[in-house]
Amino acid sequence: MNFLALFDLSVLDSTVRLAVPLLLACLAGLFSERGGIFDIGLEGKMLAAAFFSAAIAATTGSVWIGLLAGIGASLTLSAIHGVASITFRGNQLISGVAINFLAAGLTVLIAQSWFQQGGRTPSLIGGGRFEPITLPFADALSTVPFLGPLYSELISGHSILVYVALLCVPGTWYILFRTRFGLRLRAVGENPAAVDTAGVSVVGLRFAAVGICGVLCGIAGAYLATGLQAGFVKDMTAGRGFIALAALIFAKWRPWHALWATLLFGYLQAIALRPDIIEGALGFKVQVQLLDAMPYILTVVILAGFVGKAIPPRAGGEPYVKER
Amino acid sequence: MDVMPKWAEVVLVPLISLLLAAILSALVILAIGEDPVAAVNLMITGALGSTYGWGYTLYYATNFMFTGLAVAVAFHAGLFNIGGEGQAMLGGLGVALVCLFIPWPHWTIAVLAATVGAALFGALWAAIPAYLQAKRGSHIVITTIMFNFIAAAVLNYMLVNILRPAGSMDPATERFPEAVHLPSLHDLLAPFGIAFSKAAPANVSLVIAIIACVLVWVLIWRTPLGLEIRAYGKSHRAASYAGIGAVRITMIAMLISGGLAGMMAINNVMGEAERLVLNAVEGAGFIGIAVALMGRSHPFGVFLAAILFGFLYQGGAELALWTSIPRELIVVIQALVILFTGALDNMVRMPLERLFLAFRRGGTT
């Protein structure tokens, strides 16, 4: 038995990689839900962004144009969600479900007619991918005991979007809790009537929230297809949007907690890929199916409230009607 | 206040939503360089042009009736059950256990037992999210989605490690015994002198699905329990003021919902495949959402919408076979139907209501 092996550097490294799309999606959901719009369409938006970023990066050869295309695709779906749930005051959950299916169907449909490779994009090479970047002194410091490898392998050597995602955490905190916009956004999720009385547009704020959510989901999807993997494959988000929602509840709609929650889920996904390490550390074999199901089981346990009560923004999920 | 007459509410609004979804789907087909008119023709001949096509259409429709009813019952209680997929997977497990481990003398008894087994397993899988919603307030939408993923893992484990016959590489159970073979529509219609395709998978489960539609109608509109479910769905607070227990109704509605979704397995597992395979449900649990929305959560509406989606599903399969349009087209259509009949309902309704108001004013003055 060697429990330390469970925290092997390679496992922690892939924890960071796998946590990034969850983190971006989680922060996306945070903006949307703080603004009072439930969004279970995170999954679909990421999937659409993953496809369009990979497709455009493959055809243009530039990953940056791909990233923009991914954000654009995600924003389009956000606009649909906004129109359905803000303008027409429809059911936000049903709209989210529709968006998930729309993305799942359209990505394969377009991929098939565009590339004829069975619903996937060609593998991305060279400038079509976000390459890992080496932080300064990473190689020079790698010989320093303990801290050296930690810096050169765990912190350095990720693609730029990983650092963007990590910077989004303090960024989100600052926007939400230190700016006027953030105050209004939180207010619109708790008590839209008060915001309306103060003369601020509820509709405008909610569209802004949904828009930010779209941009972040776009980056998350682009990272999946151009950073984590080299190209789009059918249903490649694999429930990440839903896990991000669970992480959001776990984090009780707070940015820093979202980081820790998504790192935990990232760790579960990373360790599930290495049954050999688990067997070595625990001394017995764990069923692969159990490992695969772990993030989902943990989600249910978290949702069951065994980690304290999570209270969502009060006006979440309810369309705002100006006058009664 | 009812602005619109009832016929407009139940017929016109869904029809316009469907039309919008159809127009957008046609545009999608155009965009990928295919001819929508030819596609529709192919779908109609493929799905309705022969008793073989009808046999597949009705087979899929049977699946969607069960899952559509499942979503509809939950909707009546104000609950959104996205877990039909996982509940149907577990229902399949229930059917497989009943059929494999008990020697049945005749299919009539076997199908009753299998129905109970399927409903029991499906209901069990819905019970945990229902309990967590009722007692701990965890959001049923997310928990049921999670239970879909967990169900896939459970099924994978059962098929790979336990139910797979020795020496087989395929993650599937062995074939069910001949005694539990369900009669197909061909067998059922032959005594009446109606020739029906022998190869099509539609079977006696269709009859059970129709009975289920009737029973759900009776339950929702003709029993005290149905009244309580609807009251709870309309307003949780008013229901609790009337002494209707939230925990009780949530549990009962979800158990019925899960049971109905699970019962789908008598059609696809017992009726068609006659063994349990990994991806037996094929997204039918999700199509139930579109079917319930389209059918306005009314069993008769669900019946019609299920046949419509059966047609789309079989037609989509024909398209994938003869053209370069992949099967995912049906997922897009399904998404558009959910979008227009569910989320964008007001977009269709508001202008219509204005129109009817204008007519009414014109009529009185």
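No lab work stands behind these numbers, since they all come straight from the coordinates. Here the structure is a predicted model, which means the values were calculated and not measured. Heads up, the Cβs are rebuilt from the backbone with ideal geometry, glycines too, and the neighbour counts pull from every protein chain shown.
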(request) Averaging over all projection directions, find the projected area of the Cα convex hull of chain B and quote it in nm² with one decimal place. (result) 21.9
(message) Taking the Cα centroid of segment B:207-255 and of segment A:219-294, what is the distance between the two, rounded to the nearest whole Å?
(response) 38
(request) List the aspartates and glutamates whose Cα lies under 16 Å from the Cα of residue A:322, skipping any in the same chain that are fewer than 8 positions away. (result) A:190, A:196
(request) Please work out the Cα center distance from segment A:126-189 to segment A:32-49, rounded to the nearest Å. (result) 22
(request) Would you grab the residues whose amide H sits under 5 Å from the one on residue A:37? Only those 5+ places off in sequence or on another chain, please, with H modelled 1.01 Å from N. (result) A:317
(request) Please identify the longest segment of chain B free of exposed trypsin sites (Lys or Arg not before Pro), where exposed means a DSSP state other than H, G, I, E or B and no more than 15 other Cβ atoms within 10 Å. (result) B:1-174
(message) Tell me the angle of helix A:240-250 to the major Cα principal axis of chain A, expressed in degrees between 0 and 90 and rounded to the nearest ten.
(response) 70
(message) Largest first and in whole Å, what are the equivalent-ellipsoid semi-axes of the protein assembly as shown based on the Cα gyration tensor, each being the root of 5 times an eigenvalue?
(response) 40, 32, 26
(request) Please sort through the DSSP H helices of chain B and keep those with an alpha-carbon extent of at least 20 Å along the long axis and a Kyte-Doolittle average not below 0.0. (result) B:13-31, B:51-76, B:84-101, B:107-131, B:140-157, B:205-222, B:246-263, B:299-322
(message) If every alpha-carbon in chain A counts as one equal scatterer, what log10 I(q)/I(0) does Debye give at q = 0.11, 0.16 1/Å?
(response) -0.71, -1.34
(request) Kindly state, to the nearest 0.05, the FRET efficiency for residue A:6 paired with residue B:218, given R0 = 41 Å and r defined as their beta-carbon distance. (result) 0.15
(request) Jot down the per residue volume, in cubic angstrom and as a whole number, of the convex hull over the alpha-carbon atoms of segment B:135-220. (result) 201
(message) Counting only other residues whose beta carbon sits under 14 Å from that of residue B:77, what net charge do I get with K and R as +1, D and E as -1?
(response) +2
(request) Write down Rg/Rh for segment B:1-126, rounded to two decimals, with Rg from the C-alpha atoms and Rh from the Kirkwood relation over Cα pairs. (result) 1.10
(request) Would you mind counting up the charge near residue A:87? Only other residues with Cβ under 14 Å from its Cβ, with Lys and Arg at +1 and Asp and Glu at -1. (result) +3
(message) Run the reach check for residue B:6 against aspartates and glutamates, Cα to Cα strictly under 14 Å, same-chain hits fewer than 8 apart removed. What comes back?
(response) B:353
(message) Using 0.36 nm times the number of residues separating residue B:195 and residue B:112, minus their current alpha carbon distance, what extension gain do you get?
(response) 27.2 nm
(request) Between residue B:10 and residue A:234, with labels modelled 7 Å along Cα→Cβ, what's the label distance in nm to one decimal, could you check? (result) 3.9
(message) Below 13 angstrom from the Cβ of residue B:18, what's the summed charge of the other residues (Lys, Arg +1; Asp, Glu -1)?
(response) 0
(request) Take residue B:321, project a point 7 Å from its Cα along the Cβ direction, then tell me which residues of segment B:260-301 have their backbone nitrogen under 18 Å from it. (result) B:272-273
(request) Provide Rg over Rh for segment B:52-145; use the alpha carbon set for both Rg and the Kirkwood Rh (inverse mean inverse pair distance). (result) 1.05
(message) Which aspartates and glutamates, if any, have their Cα less than 16 Å from the Cα of residue A:285, not counting same-chain residues under 8 positions apart?
(response) A:276
